Amino acid sequence: GLGDVYKRQLYTLANISVCAAVALGSVTQTPRMMAADFTSGAMVINENQYGKSDSSINHLDIADGKWSYGVFSAANPGHVIGGTACSGGYDASSLYIVCKDVSAPGADLEGGILTAVSAADMSLRWQLKNLDPSGKRAAGRGFLAINDSKAYVSSSNGIWVINTVDGTVKQQIVGSENPFGVDDKPVTDPTSTLYVGQCGSMVKLNGKVFAAHQEKGLLVINPETDILERIISMDDFKKGAGIGSVVAGSDGNIWFSISDSTDGYGIPLNVLGRLDTTTMDVTTVEIPEGMFGPSQNWSAWTPDTFCSSSDGYLYWTGGEDIWYSNMLVFRHEIATGTTSLILDFNDNEDGWKVCTPSMRVDPSSNLLYMTLFKDYASTEYTVRSYTSDGVAAKDFPMKRSYWFCGTILFPGSAIAGVENVTYSSLLYDFSVRYSDGALTVTGLNSGDAVIYDMQGHIVAQIPLSEEGITFARIALPSGIHLVATPAGAVKIRVR
């Protein structure tokens, strides 16, 4: 993660920032009064300063702009998350935090590679010390809830199936393992298998799980059977190319970024990959000359900035740098195939740059949120929201500390839970999404969307916009609903 990049830059470049960082000192986190409910707003998972403190979680109340710092520690005295938290995710009732190690160097307490807490109050449910029951190293990477009792956790050695009820490991997905084996070399050793042959980001769409494997490419997994059904190699894009990360687009397709090699230092190719989840056909989408594809974060893995919105856009940071390109933000409009530069922080007089693990879209508003910081040795951070055109909407300054902010999560949308949101036919491709009290219908521009409950009663009738994207606020009770449109019906489940 950012802590790893910081550390590896010290070892491999110029011995620069460690002394400066230590000299600046650390800021003690003093959380304000604990919020009554953490199922709204935004959660920011932080690595914190490597070697000085364990990871942390901060909660942002978007409505009033207030932060609650160190909410896990405040809710669970005497417990820690673990070392170098890099990602997280939700199911219907819990937040899961993935760490690379159970503790930071020199820490007195151990946390977990995977930590489960109540989404409502952050109280600890359980912690998993090892993903591999044999005890071999498997540093945490990504999290994906499959249902309310099962999840996948990607790692430096494969994808692991977790029983989220009791925090036990069921199995490793056969075929997802690290082809280079497992070793115990330190993270500063460039020959360590921690940073080759890893599994990274994962998404679930149309009954399949799609996962990025650094060496093999795009894995297609059946989440009902936990069987790897297909591997899509990146060699079709360029011999020896590797995958970056994977997202689900509003068009119902899987989109993925591509690097020119499978090592952690590969330069991103100026193309995107698009996979039709029905036919499994792969399409190459060119990025215009003078622009850059999504930056890759395999070298010291964190979730990268490649992300999507329900109103038809893909976003990422990119540049010439093979490290963490964090000065240029690009947007791709799926409907028109147009890619544009929407933010250039080289022109920012305040010296801000993107803290690259943390750039995500809030599904309830489609605003783009990102953490900005000044430098790896700086303690100055702010979270800022932007419109799809790159216009700043609101700033949420953080108190000074070595946060090394990671993933931004939006619990209100994640906990709502939606299934079977994409419908395809010979005549129409449209999507229906419901999250955080909002229904979005994309791809249809006439008629009505009629919502029924399972007893056949009409819950709501919403006219579809002529622009092809309809957004409507509507509070749906928990349960199964049917959204009927002129092009077909889609079933959704609201948690």
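The values are calculated or read from the model by the stated rules, or taken from the named source; none is laboratory data. Keep in mind that what you see is a predicted model, and the values were worked out from it rather than measured. Neighbour counts run over all protein chains shown; Cβ positions are idealised from the backbone, glycine included. Just the protein is used for accessible areas: all its heavy atoms, side chains included, with ligands, DNA and RNA removed. Shrake-Rupley method; radii C 1.70, N 1.55, O 1.52, S 1.80 Å.
Of the solvent-accessible surface of the chain, computed with a 1.4 Å probe over protein heavy atoms with every protein chain present, carbon and sulfur atoms account for 51 percent. The slack between E286 and I458, meaning 0.36 nm per residue of separation minus the straight C-alpha distance, is 57.5 nm. Place a point 7 Å from Cα of D166 in the direction of its Cβ. Which residues in segment 123-142 have their backbone N less than 18 Å from it? Inside the label zone: 125-134. Peptides 297-308, 458-469, ordered by how many other C-beta atoms sit within 10 Å of their residues on average, highest first, read 297-308, 458-469. Is the C-alpha gyration tensor of the chain telling us rounded, prolate or oblate? Criteria: a/c under 1.5 is rounded; beyond that, a/b larger than b/c is prolate, otherwise oblate. Rounded, since a/c falls under 1.5. Dipole size of segment 439-495 about its Cα centre, with +1 on Lys/Arg Cβ and -1 on Asp/Glu Cβ: approximately 320 debye, rounded to the nearest 20. Placing unit charges on the Cβ atoms only, positive for Lys and Arg and negative for Asp and Glu, gives the chain a dipole magnitude near 980 debye about its Cα centre.
If you take the Cα centroid of segment 100-174 and the Cα centroid of segment 320-360, the two points sit 31 Å apart.
The modelled label-to-label distance between I231 and E320, using points 7 Å beyond Cα along the C-beta direction, is 3.6 nm.
For K66, the residues whose modelled amide H falls within less than 5 Å of its own, excluding neighbours fewer than 5 places apart on the same chain, are D61.
Using C-alpha pairs under 8 Å with a sequence gap of at least 6, the mean separation divided by the residue count of the chain gives a relative contact order of 11 percent. With a cut-off of 19 Å on the backbone N, the residues of segment 187-227 near the modelled label site 7 Å out from N147 along Cα-Cβ are 203-210, 221-227.
Just from its helices, what would the mean residue ellipticity at 222 nm be for the chain, if runs of 4 or more DSSP H residues each count -39500 (n - 2.57) and the sum is divided by every residue, rounded to the nearest 500 deg cm²/dmol?
One gets -1500 deg cm²/dmol as the mean residue ellipticity at 222 nm.
Couplings for segment 442-451, taken from phi via the Karplus curve 6.51 cos²θ - 1.76 cosθ + 1.60 with θ = phi - 60°, read 10, x, 10, 10, 7, x, 10, 9, 10, 9 Hz in order; Gly and Pro are left as x.
For segment 221-331, calculate the relative contact order in percent as a whole number, restricting contacts to Cα pairs under 8 Å that are 6 or more residues apart.
It comes to 20 percent, rounded to a whole number.
The HN-Hα couplings worked out from phi for segment 150-167 by the Karplus form 6.51 cos²θ - 1.76 cosθ + 1.60 (θ = phi - 60°) are 9, 9, 10, 10, 7, 7, 5, 9, x, 10, 10, 8, 10, 7, 7, 6, 10, x Hz, whole numbers, x standing for Gly and Pro. In this structure, the pairs whose alpha-carbon distance is over 27 Å, taken from K136/K216; K394/K491; K185/K216, are K394/K491.
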